[in-house]
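Just so it is clear, none of the values below were taken in a lab; they were calculated from the coordinates. What you see is a predicted model; the values in this text were computed from it and never measured. Virtual Cβ from ideal backbone geometry, glycine too; neighbours counted across all protein chains shown.
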Amino acid sequence: MLEGKAVIALTTSGVWVGFCYIEEWSHGKFVANSGLIVSPDFRKSGVAKRIKENTFALSRKKYPDSKIFGLTTGLAVMKINSDLGYEPVTYSELTDDEAFWAGCKSCVNYDILMSKNRKNCMCTAMLFDPKDHYQPEETQEHFKEKSKIYERLLRLKQHKFLQAFRKKDNNAKKVQAAQPHNKPFMGFFEKIGL
């Protein structure tokens, strides 16, 4: 924030409404608009879109030649990004900066990302390339036409990726069940989720 790489939304009386910030990757070749947060009291009011628009404009001003990208599992954020001119892309088109990908370690889907060698995950990658991009009107129209497909794709990704982990968990439980329990209370704690 001290570097002027964040957008903070407040009401006229100073109540915090939302936030988004800019991160630079690969020596400025890429920037990400990250951490979009909107206070629950202000959700579904259009404020997320305005924060993203302002963060995007700030990114374009500070990094005019950088590719701007984001990862999201949310259809609403995909729509906002499409309205700004972002396009869905493969992960290979994003930064290869190890520090960026290390930031994914805190995500619940990190195992999925790594099992796919960082080629795909639950998130949809979206990119705005200032040198080669569609006009926002074109990406808006494309998103409108394809939104049902994106919804199905998100559900399919969730089902398929999680299916592999469910099988892995079930196999681990079978192996564990076949082993004798030396601890008499272990079954009880497993049943209550401890």
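Peptides 60-69, 93-102, 38-47, ordered by how many other C-beta atoms sit within 10 Å of their residues on average, highest first, read 60-69, 93-102, 38-47.
With q set to 0.14, 0.19 Å⁻¹, the log10 of I(q)/I(0) for region 41-137, from the Debye formula over equal scatterers at the Cα positions, is -0.58, -1.01. Cα-Cα over 27 Å: which of LYS29/LYS79; LYS29/LYS146; LYS67/LYS119? Beyond 27 Å: LYS29/LYS146.
Of the peptides 124-130, 70-76, the order by per-residue mean of other Cβ atoms within 10 Å, starting with the highest, comes out as 124-130, 70-76.
Between the amide H of SER39 and those of GLY18, distances stay under 5 Å, these residues lying 5 or more places away or on another chain, with hydrogens modeled in the peptide plane.
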